[in-house]
Every structure is written in C-alpha cells, then in structure tokens.
Amino acid sequence: DAGVIQSPRHEVTEMGQEVTLRCKPISGHNSLFWYRQTMMRGLELLIYFNNNVPIDDSGMPEDRFSAKMPNASFSTLKIQPSEPRDSAVYFCASSLVAYRGAGEQYFGPGTRLTVT
Amino acid sequence: GNSVTQMEGPVTLSEEAFLTINCTYTATGYPSLFWYVQYPGEGLQLLLKATKADDKGSNKGFEATYRKETTSFHLEKGSVQVSDSAVYFCALKQGAQKLVFGQGTRLTINP
C-alpha cells in the first residue's frame, strides 16, 4: 500500500498568496480528514469528508480556508489569501468508517507550510 | 461532549526505564480507544487500540487496557528505548464520529 500521499511536502510562500495542499487517500477508504498542527494549538481537525461529502467543517478557521473532495481519490485544502499565522504542518488522514468498528485513521506525512 | 485528557509532558526517562503515560476520557456510551505515536518529522501512526471494556491493546512492547470503571486507557512499556522518543496521542472514537485526540505527550528517552 502506498499510504496517504500528500503534496507538496514543504511549501514556502509570501503573505497574500494562494496555497493549495493536495491529498490522495488510501484506496478504498471512504473518509478523509484535514488536520493542522502547531506548537501553540496542537493537533486541530479542520474538516472531514465521508463519501466525498463534507460532514463537519466547524474547525475551518475562517473563510480564507476551503476544502474540496471532487472524487474518492483526491482532496485539496486551499488558503487564500495566506497569512503568517497559517504557518503549520497540515496533515491529511483517511479511514474506512463503519458505524460499528474502530475505523482507525491513517495519516499522511504532512505538508509543512511557511508563510512569510 | 467527548473529550480526552492526557498526562502533561514532556516526559524524560533513561533507557530501560518503565513508562506510563496516563490517559482518561469522557464519553457517553462505549467508545473505541486508541494510542497514536508521532515520530519527529512524520505523521501520526496507530500504535494500538481497544474497542471494548477490559480489552488490552498491545504493539511494539507497549500495552494499554480499556478500563471502563476508571474511564482510563493508560499507556505502558516495561523497558523503553531511545527509539521510542516521540509524541504520543490518546484518542477516542464513538460510532461513526470523528476521532477526539488528547493534547499529546512528548517523550524523550536518554541513553
């Protein structure tokens, strides 16, 4: 298995620029999660999808953030315009969710975003 | 709502010491419980899990027992190694709902 694939692994951009992070979940998984990790705030769930439909986006910090999942094998997280406080590591995770059963999540390696 | 509380870090131990990282949870019903580990520069990896009361999850020498009476899922290892240095996250999941993570505990093992 290739695991969850994220790109790019590192992104450095200037304040005000648009940033797009990409994720390919594990084949056959039906749920996808976007997290943000910082020293100050720890690990935060931004949004998650079930069967390509956004279920809970209450963690998305503000309108500058948007996420899409056009099909079962691809998702994007976009920040426009970016700000220095968006600097963080962004993780994508996927799982096979069933009502009964543990449904553990598999994480990608993360994208380290630096906004200057 | 559901929540997870972990032992405050950082934790620093010498190699071959005994490890305990405490985790307690608040949930209605019977959640599944997990420990995830994050090595430097990597994403989180599932370390072990337990899906019902009195289950013991184990992996790589780590163990945790689902204790419903104390709502706890403490992580233990009898003899830690330098390679166990990482951040450890306790988490719970109920039904089809999202995972709820604790704040993480940073563990450093000195040779």
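A short reminder: the numbers here are calculations on the coordinates, not readings from a lab. Treat the numbers as computed from the prediction; the structure is a model and nothing was measured. Every residue, glycine as well, gets a Cβ built from its backbone with ideal geometry; the counts of neighbours run over all protein chains shown.
Worth pointing out:
- Average beta-carbon neighbours from other chains, 10 Å sphere, peptide B:73-84: 0
- Chain A, dipole about Cα centre (Lys/Arg Cβ +1, Asp/Glu Cβ -1), debye to the nearest 20: 240 debye
- Global form of chain A, assessed from the alpha-carbon gyration tensor, a/c cut-off 1.5: prolate
- Here the stretch B:16-52 and the stretch A:39-103 have alpha carbon centers that stand 21 Å from each other.
- Counted without the sites themselves, the longest stretch of chain A free of trypsin sites (Lys or Arg not before Pro) in a DSSP loop having at most 13 other beta carbon atoms within 10 Å is A:42-99.
- Here the simple spin-label model places points 7 Å from the Cα toward Cβ, and for A:Glu18 and B:Lys60 these points are separated by 4.0 nm.
- Among beta bridges identified by DSSP and lying wholly in chain A, the antiparallel ones come to about 90 percent.
- Derived scalar couplings ³J(HN,Hα) [the stretch B:48-62; Karplus, 6.51 cos²θ - 1.76 cosθ + 1.60; whole Hz; x for Gly, Pro]: 6, 8, 8, 10, 8, 4, 6, 5, 10, x, 8, 5, 6, x, 8
- Shape of chain B, Cα gyration tensor, a/c cut at 1.5: prolate
- Translational diffusion of the protein assembly as shown, estimated by Stokes-Einstein from the Kirkwood radius over alpha carbon pairs at 10 °C in a medium of 1.306 mPa s, is 87 µm² per second.
- When +1 charges are put on Lys and Arg Cβ atoms and -1 charges on Asp and Glu Cβ atoms, the dipole computed for the stretch B:31-98 relative to its Cα centre reaches about 240 debye.
- Inter-chain Cβ neighbour count for A:38-45, averaged per residue, equals 3 (cutoff 10 Å, partner chain atoms only).
- Sequentially through the stretch A:79-86, phi angles give Karplus couplings (6.51, -1.76, 1.60; θ = phi - 60°) of 10, 8, x, 7, 10, x, 6, 7 Hz, Gly and Pro residues having no value and appearing as x.
- Amide H contacts of B:Glu15 (H built 1.01 Å from N, under 5 Å, at least 5 apart or other chain): B:Asn110
- Sequence-ordered 3J(HN,Hα) estimates for the stretch A:22-29 from the Karplus curve with 6.51, -1.76 and 1.60 and θ = phi - 60° stand at 10, 8, 10, x, 5, 4, x, 6 Hz, glycine and proline given as x.
- Pairs from the table (A:Lys68/B:Lys60; B:Lys68/B:Lys98; A:Lys68/B:Lys68; A:Lys78/B:Lys49; A:Lys24/B:Lys98) lying more than 27 angstrom apart at Cα are A:Lys68/B:Lys60; A:Lys68/B:Lys68; A:Lys78/B:Lys49.
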